[in-house]
Every structure is written in C-alpha cells, then in structure tokens.
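Enquirer: This is the structure, below, for whatever I ask next.
The values are calculated or read from the model by the stated rules, or taken from the named source; none is laboratory data. What you see is a predicted model, and the numbers here were worked out from it, not measured in a lab. Reconstructed Cβ throughout: ideal geometry from the backbone, glycine too, with neighbour counts over all protein chains shown.
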Amino acid sequence: MAVAEAKGRDGPDFSVLPEGCIATVVSFTSPPDACRLASVSSIFKSACDSDAVWASFLPPDWRPMVSRSASSLKELYFSLCDDPVLVGDGKMSFSLDRHNGKKCIMLSARALSITGNDRLIMRSERALSITRDDTRSYWSWNHMPNSRFREVAELIKVSWLEIRGTISSRMLSPRTLYAAYLVFKFTHKRNGFQMRAFEVGAGFAGYEVGKRSVYLSRTKRSSLWYGINRPPVYIPLEPDDGDDSYPKERRDGWLEIELGEFLTEDGQDGEVEMSVEDAKGNRCLVALAVEGIEIRPKDGK
C-alpha cells in the first residue's frame, strides 16, 4: 500500500524531496514499510536504509544490552530479530519482534523458580539462582545443542511440578500486548504428561490473573467402547491446530504453550508473574527439559 501510494502516477513525486525529509517521514512507519518503500527509487532506498530510519525502530535502551557490531543499524536490527543476545549473566536473552521492533525477552530455566515433590528445586531472584543440594535425584542441568542458553533444566523424576517466573515491566516495551510462553521439550516419549492438566497464568502482581488449563503433551486420547463390561481402548490423537490448550512446535524445534497475556502501559512499573501449576500431582513425571519462559508481543501487536 505504501509503495503504491508513493508510486502513484497522479500523485506528487516524492522522489524530489530531500533524502533527510524522506528518512524523517519513513521513521514514523514500520520496519516492513521501510523495506517496501526502499523499492520506490534510488533516493528512497538510500533514505529507507539509513541509520536515521532504523534508529527509530530500535528500542531506546538497546545499547547497554548489545555488544555486537554491524555495518548499519538496519543490519543490526535484523540480526537482533534472528539471533537473540544473552544478557543478565547469560540467564536471559533479548531479541526484537521483526514486524514492530518491540522487545522479546526469554528467562532461562536458571532464572525461574521450579518446585517439585514439596522441595524447592530452583529459586531465582533477578539474576540469582539458588539450587538445593538434595535435588539431584529430581532435576539435572544439561547442555542441549539447539538451546540458546548454556544449560537447561531436565526433569529426572517428580510426582508434581510447579514453575514460576517474574520480570519487571521496565524490561519490556510500553503500549504493547504481550504473551508469555513456557518453552520446553520431552527427551522421551513415555514421560507421564499425557492428559495431565496444568493451570497456567500471566499478569501483573497484585492484580487478579485469569488461569486456564492446558496440557504439555501434544497427545490427546479418545476412547472407544466395545461393549458392556469391557475396558475402553484409548487411541492417541493429534490436537487441532487451533486448539491453544496444547503446545505448538517452534521453528527452533522446541515446544511452547501460552501461559497468558498482559498489556504494558506508558510509565508502568510493576512485576509480571507467570506460572505453571500441576493440577493433580498423582502420577510420576519424567523426561521434561525446560529451556525457559519467553515473553514476546502477541501477534505482532
């Protein structure tokens, strides 16, 4: 649409404008618009690719979090979209939403509080992680090649599970609808999570947070009855694509399940709490690897 308007035969010839003027106007659009407008003419391309434009798409506080170099701010922008930067002593990652430049933050398992079998497995306060010495029979810390973090938490054996994370809203972009996602995978098919319901939620501390039930396993079960006094036969089924109570596979090979959504406002300073709580706790759970909780703009908003 933006390109069509700029190229309109009966409209004004924007290419006669000074490059700096074009750059100023483009900086009020969006990264996708800037990329499309670059095809209008050579002067548009020069203006749309300029640091003046792409500086407006980067968060105002990006410099302390990014040490990598790039030939231009446009190159840096897309580098941050595709390749997250580790921050906070490697316990968090920072990246950008490709469509709007809003911040995306992932808290690693080391930055979460994980409880199981009435024992505190890990507790994190900001960048501090405390691990109980007697938890080796429940969880282990392992490196996985496709994880952005140095290590992930891998479940050995518990009967119930609770995961919590917190983040300051100051670390996120204002005026943005965010969603939080638990990022995980299973290291074995037989893990005890089939049809095990968990209550999840995300929202600002001190406010009522809506909870909902989800399943971490993608396997659904449907029962067939063959007659009276005969036990049902359970058949594994794949959930529908639109069913958000089951996890979805990410491009990086991990699974994710949405915990909840919340809106950040201008000048808002508060703690966002995210949780995954075992609803039953009546069956052994094994083979769960937790990479962390990712907070990113909901549907590019």
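Enquirer: Do you know which residues across segment 46-81 are at pLDDT 95 or above and of a type in the set (D, E, K, R)?
Expert: The answer is Asp49, Asp51, Lys74, Glu75.
Enquirer: Which count do you get for residues in segment 233-271 that are of a type in the set (A, V, I, L, M) and at pLDDT 90 or above? Full working, then the answer.
Expert: Let us first name the residues in segment 233-271 that are of a type in the set (A, V, I, L, M), namely 233, 235, 237, 255, 257, 259, 263.
Filter again for at pLDDT 90 or above, leaving 255, 257, 259, 263.
Within segment 233-271, residues that are of a type in the set (A, V, I, L, M) and at pLDDT 90 or above number 4.
Enquirer: Further question: Does any residue of segment 274-285 turn out to be in the same structural domain as Gly203 (by TED's automatic domain parsing), more than 16 Å from Tyr181 (Cα to Cα) and modelled with pLDDT of 90 or more?
Expert: no
Enquirer: Still on this structure: If we scan segment 110-120, do we find a residue that is surrounded by 20 or more Cβ atoms within 10 Å (Cβ to Cβ), closer than 28 Å to Ala180 by Cβ, touching a Gly at 6+ places or on another chain (Cβ under 6 Å) and modelled with pLDDT under 95? Don't jump to the end; show me each part of the working.
Expert: Quick first cut of segment 110-120, residues surrounded by 20 or more Cβ atoms within 10 Å (Cβ to Cβ) only: 110-112, 114, 116.
Applying the additional criterion that residues be closer than 28 Å to Ala180 by Cβ yields 110-112, 114, 116.
Narrowing the set further to residues that are touching a Gly at 6+ places or on another chain (Cβ under 6 Å) leaves 112.
Restricting the remaining residues to those that are modelled with pLDDT under 95 gives 112.
Within segment 110-120, one or more residues are surrounded by 20 or more Cβ atoms within 10 Å (Cβ to Cβ), closer than 28 Å to Ala180 by Cβ, touching a Gly at 6+ places or on another chain (Cβ under 6 Å) and modelled with pLDDT under 95.
Enquirer: Then there's this: If I ask for residues that are part of a strand (DSSP E or B) and either touching a residue at least 24 places away in the same chain (Cβ under 8 Å) or over 22 Å from Leu259 (Cβ atoms) (or both), which ones from segment 68-91 would you list? Reasoning before the result, please.
Expert: Quick first cut of segment 68-91, residues part of a strand (DSSP E or B) only: 85-87.
Of everything in segment 68-91, those that are part of a strand (DSSP E or B) and either touching a residue at least 24 places away in the same chain (Cβ under 8 Å) or over 22 Å from Leu259 (Cβ atoms) (or both) turn out to be Val85, Leu86.
Enquirer: I would also like to ask the following. Within segment 190-217, which residues are crowded, with 17+ Cβ neighbours inside 10 Å, assigned to a loop (DSSP other than H, G, I, E, B) and among the aliphatic types (A, V, I, L, M)?
Expert: Scanning segment 190-217 gives Val209, Leu216.
Residue-wise test of (1) in contact (Cβ under 8 Å) with a residue 24 or more places away in the chain; (2) in contact with a strand residue (DSSP E or B) (Cβ under 6 Å, 6 or more places away or on another chain); (3) surrounded by fewer than 20 Cβ atoms within 10 Å (Cβ to Cβ); (4) in a loop (DSSP other than H, G, I, E, B).
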| position | (1), (2), (3), (4) |
| --- | --- |
| Pro145 | no, no, yes, yes |
| Phe149 | yes, yes, no, yes |
| Glu162 | yes, yes, yes, no |
| Pro174 | yes, yes, yes, yes |
| Tyr178 | yes, yes, no, no |
| Val183 | yes, yes, no, no |
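Enquirer: Any residue in segment 192-199 that is at pLDDT 85 or above, closer than 24 Å to Met106 by Cβ and within 18 Å of the chain's Cα centre (by Cα)?
Expert: Looking only at segment 192-199, we keep the residues that are at pLDDT 85 or above, and these are 193, 196-199.
Filter once more, keeping what is closer than 24 Å to Met106 by Cβ: 193, 198-199.
In the following step, the residues that additionally are within 18 Å of the chain's Cα centre (by Cα) were identified as none.
No, because not a single residue in segment 192-199 is at pLDDT 85 or above, closer than 24 Å to Met106 by Cβ and within 18 Å of the chain's Cα centre (by Cα).
Enquirer: I need a count of the residues in segment 246-301 that are among the basic types (Lys, Arg), in a loop (DSSP other than H, G, I, E, B) and surrounded by 15 or more Cβ atoms within 10 Å (Cβ to Cβ). Show your work before the answer.
Expert: Pass one, segment 246-301, residues among the basic types (Lys, Arg): 248, 250-251, 280, 283, 296, 298, 301.
From the residues that got through so far, the ones that are in a loop (DSSP other than H, G, I, E, B) too are 250-251, 280, 283, 301.
Among the residues that remain, those that are also surrounded by 15 or more Cβ atoms within 10 Å (Cβ to Cβ) are: 301.
Total satisfying the criteria: 1.
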